[in-house]
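The values are calculated or read from the model by the stated rules, or taken from the named source; none is laboratory data. Owing to the predicted nature of the structure, the values given are computational and were not obtained by experimental measurement. We place every Cβ from the backbone using ideal geometry, glycine too, and count neighbours over all the protein chains shown. Areas reflect the complete protein model, heavy atoms only, side chains present, ligands, DNA and RNA absent. Shrake-Rupley method; radii C 1.70, N 1.55, O 1.52, S 1.80 Å.
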Amino acid sequence: MQRHKVRFLTHGRRNARSQQRGVALITTLLLLMLMSGLALAMAWSTRSDMLINGYYRSFRGSFYAADSGLNIARQEIQNQVMKDIVAGWNGTSVTPFANPGQTATNVDTYIQNTYAAYTKLNGSGQATSSWPADYKIQKSVVGGVTQPFVKYVGCTMADGSACAFPVTTYYKYQFDYSLTSIGQSRGGEAATMQDRGSFFVTAPLSAAGGKTSFAAWGMFIDNFPICTGGTLVPGTITGPVFTNGAWTFGTGGPYTFTDPVGSVSSSFGYQFGGKNNCDQTANPTDKQGNTSITPNFQAGFNLGQSKIALPGNDYDQERAVLDGIGVSGGSPISKQDLNKGLLDINGVAYPNSGATSGVFLPYTTKDALGNTIPPKFKGGGIYVEGNANITLQPVGTSAQLYTITQGSTITTITVDPIANTTTMVTGGTAQVITGVPTQLDPTTLAPKGYETMLYVNGNVNSLSGPGEGLPAIQDHTALTITAAANVTITGDIRYKSEPVTTAATQTTPIDTLIPANDTRQALGIFTASGDIQLNNGQADGMLQIDGSLATISNNGTGGIVNTGNAIDTLTIVGGRIQNNIKNINTTTRNVVFDKRFGGGFAPPWFPSTNLAAGAITPGTPVGSFSRLQWINRTPFD
């Protein structure tokens, strides 16, 4: 029985195997069909991707070719226009362009003839290994030249008198252009690009003569030796710029000059490392390896100019407090002079033996016959003996408030030209004086207007407005603060009404005059013997000073120097006038020139120089583009 059972079981297994024959073959065929389908799908997908990528690559190549064509043609416009400048132009009998309209026509013809046929991008130079593509200029229009903007020598003031400031003159030409470029790659795809804008040529001139306020410069540096390790801090500087030395630029950031740049040196310095890696050249740019230094001289530059003479002292400013005139002939102010001209809050004269502290005003309580009269103001400002902290603040619609702190003594002086009063308060004592500080004409002694000299015979340990972003200088207030030693600025000092724009927009350049805000407000800060120190106490690291800052004197060593925390952005709306460049420890420094200071108007009794009238000196013309429109026209063709 067992034998039959085993035979039966064996026979059953054989029947099962015979029924499964062919299943493996079918499975293999099915898998083969599936793999074949996947392979075909992958091949088709890859082919489609390659076609798409090839088309995209060709299209992008065409796009870049068209755009490169625009850039090449635009650069050629600049090359051809600048090549047409008359050699030896002098600004008077010979102008930079003999016929700017003909220049535009010639350039237009050159562009059309040179780039009418397809030109390969990878033919030479840096493009030899680029993707093969061609471009041509389908349409070129160079023309629409406006009349040159000319600011010429011999300007006059509103009252008809001659301008007494360095007359920076220039020619400015505008060449309008429109370019249409077609790019084509090896795949046959084409792209069309359009570029429209203007090319400006500014050809600077310089001439000077007469008594000139240093406020007429946006930046003036006396001592700036070339390639000695120090470089100019990057940023935007508007207004005329000059140095009795040389300008040395570094690699730390962009430099933008919106007005002519001048120097006694006939070369610029370009410092790529330490002072031993510094090039000296008259070229407006320089390059080492892959590093370029390219200052943007928007109004050109004048090198090899005559040296500017510096003021010898601050005697004019100190004397201006006493008499409103300020012309001292170089004589120092004696204690006897102060005794004759100044009284304290109680009507007591400045001591003949001198004083160590106190606030004094030039007023009188006697008439010419010695009779007692109500207090009457008779000079040009405020005299502070000793070190002091000063806060400036407008009050109401017309008054200017000065808060002067010396130790535990706080003195406030409120000057109100509308009420025609000057009020001095110390502790519980008040003195109301008829009249306000006034500047007098040195020749006729006629009043020139409400203007104030605040002279500190010591250090100004803190100078600021009432708070960050708040106004410090009242409308119609013209003020110069002069210290015998250092002036330390600890916070914002701003005009109540900003006379110029402090940032550029699409329609308005930086430092554009705002006529509605011009109330003849002005601030000057001056020291002949010390520094203007920055000790910014504002939490955000920003600092704005509206006014012209001067640390200047003959053989002086003064400069603007940071003695506190690092400043993120320092903005000066006016100008900076220094004997020496010093460390301002600032990431970005912007000097926005107050253009009113370039027309004979300046802070009262601001330091000045006498410039001999000389011949007009032409500078180096520069070109710049203003692109108004850049369009990819391909989707619409």
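Pull out all pairs, ordered by first then second residue, where Cβ-Cβ is under 6 Å, the residues are six or more apart or on different chains, the first lies in region 420-443 and is on the phi > 0 side of the Ramachandran plot and of a type outside the set (S, T, N, Q), and the second is in a strand (DSSP E or B) and open to solvent by less than 40 Å² (accessible area, probe 1.4 Å).
G435/F377
Regarding L310, is this residue surrounded by 17 or more Cβ atoms within 10 Å (Cβ to Cβ) and at pLDDT 95 or above?
No, not satisfied.
For region 203-220: of the residues being open to solvent by 10 Å² or more (accessible area, probe 1.4 Å) and assigned to a strand (DSSP E or B), which is modelled with the highest pLDDT?
Ranking the qualifying residues of region 203-220, first place goes to S213.
When region 388-447 is examined, which residues are found to be farther than 26 Å from L470 by Cβ and not in a strand (DSSP E or B)?
Matches in region 388-447: N420, G427, G428, G435, D441, P442, T443, T444, L445, A446.
Here are I514, I577, I545: which of them is over 20 Å from T231 (Cβ atoms) and buried (at least 24 other Cβ atoms within 10 Å of the Cβ)? Steps first, please.
Values: I514 fails: buried (at least 24 other Cβ atoms within 10 Å of the Cβ); I577 fails: over 20 Å from T231 (Cβ atoms).
On inspection, the qualifying residue turns out to be I545.
Using the structure shown, decide if V561 is assigned to a strand (DSSP E or B), over 20 Å from L392 (Cβ atoms), in contact (Cβ under 8 Å) with a residue 40 or more places away in the chain and of a type outside the set (D, E).
No: the conditions fail for V561.
Give me the pairs: first residue in region 341-362 and free of Cβ contacts under 8 Å to residues at least 40 places away in the same chain, second residue part of a loop (DSSP other than H, G, I, E, B), beta-carbon distance under 7 Å, and six or more apart or on different chains, which are they?
Filtered contacts from region 341-362: G341/P362; G341/G379; A349/L342; Y350/L342; T356/G386; F360/L342; F360/D344; F360/Y350.
Residues A98, A104: which one is without any contact (Cβ under 8 Å) to a residue 24 or more places away in the chain, within 28 Å of T617 (Cβ to Cβ) and either open to solvent by 70 Å² or more (accessible area, probe 1.4 Å) or in a helix (DSSP H, G or I) (or both)?
After applying the criteria, what remains is A98.
Within region 548-568, how many residues turn out to be crowded, with 16+ Cβ neighbours inside 10 Å, closer than 20 Å to I308 by Cα and not β-branched (V, I, T)?
Qualifying residue count for the region: 7.
Touching a Phe, Trp or Tyr at 6+ places or on another chain (Cβ under 8 Å), within 30 Å of L121 (Cα to Cα) and modelled with pLDDT of 85 or more - does that describe any residue in region 39-57? Explain how you work it out, then say what you get.
Keep residues of region 39-57 that are touching a Phe, Trp or Tyr at 6+ places or on another chain (Cβ under 8 Å), which gives 57.
With within 30 Å of L121 (Cα to Cα) added as a condition, the list becomes 57.
Now restrict to residues that are modelled with pLDDT of 85 or more: none.
There is no residue in region 39-57 that is touching a Phe, Trp or Tyr at 6+ places or on another chain (Cβ under 8 Å), within 30 Å of L121 (Cα to Cα) and modelled with pLDDT of 85 or more.
Determine, yes or no, whether G354 is of a type outside the set (V, I, T), exposed (fewer than 14 other Cβ atoms within 10 Å of the Cβ), farther than 30 Å from N223 by Cβ and touching a Lys or Arg at 6+ places or on another chain (Cβ under 6 Å).
Judged against the criteria, G354 is a match.
Kindly indicate whether V264 is in contact (Cβ under 8 Å) with a residue 60 or more places away in the chain and either of a type in the set (A, V, I, L, M, F, W, C) or loosely packed, with under 15 Cβ neighbours inside 10 Å (or both).
Numbers: in contact (Cβ under 8 Å) with a residue 60 or more places away in the chain: no; either of a type in the set (A, V, I, L, M, F, W, C) or loosely packed, with under 15 Cβ neighbours inside 10 Å (or both): yes.
Spelling it out, it is not the case that V264 is in contact (Cβ under 8 Å) with a residue 60 or more places away in the chain and either of a type in the set (A, V, I, L, M, F, W, C) or loosely packed, with under 15 Cβ neighbours inside 10 Å (or both).
Can you name the residue in region 272-290 that is in contact with a Phe, Trp or Tyr (Cβ under 7 Å, 6 or more places away or on another chain) and within 30 Å of A503 (Cα to Cα) and is also most open to solvent (accessible area, probe 1.4 Å) among such residues?
Among those that are in contact with a Phe, Trp or Tyr (Cβ under 7 Å, 6 or more places away or on another chain) and within 30 Å of A503 (Cα to Cα), it is P284.
Going through region 15-38 one residue at a time, which ones are modelled with pLDDT of 65 or more and of a type in the set (A, V, I, L, M, F, W, C)?
V23, A24, L25, I26, L29, L30, L31, L32, M33, L34, M35, L38
How many of the residues making up region 155-194 are under 30 Å from G300 (Cβ atoms), touching a Lys or Arg at 6+ places or on another chain (Cβ under 9 Å), at pLDDT below 65 and not polar (S, T, N, Q)?
The total comes to 3.
Contact list please: Cβ distance under 7 Å, first residue in region 476-504 and modelled with pLDDT of 95 or more and open to solvent by less than 30 Å² (accessible area, probe 1.4 Å), second residue basic (K, R) and assigned to a loop (DSSP other than H, G, I, E, B), pairs at least six apart or on different chains.
A478/R520
Scanning for something at pLDDT below 90, open to solvent by less than 10 Å² (accessible area, probe 1.4 Å) and polar (S, T, N, Q), does region 607-626 turn up at least one residue?
Yes, the conditions are met somewhere in region 607-626.
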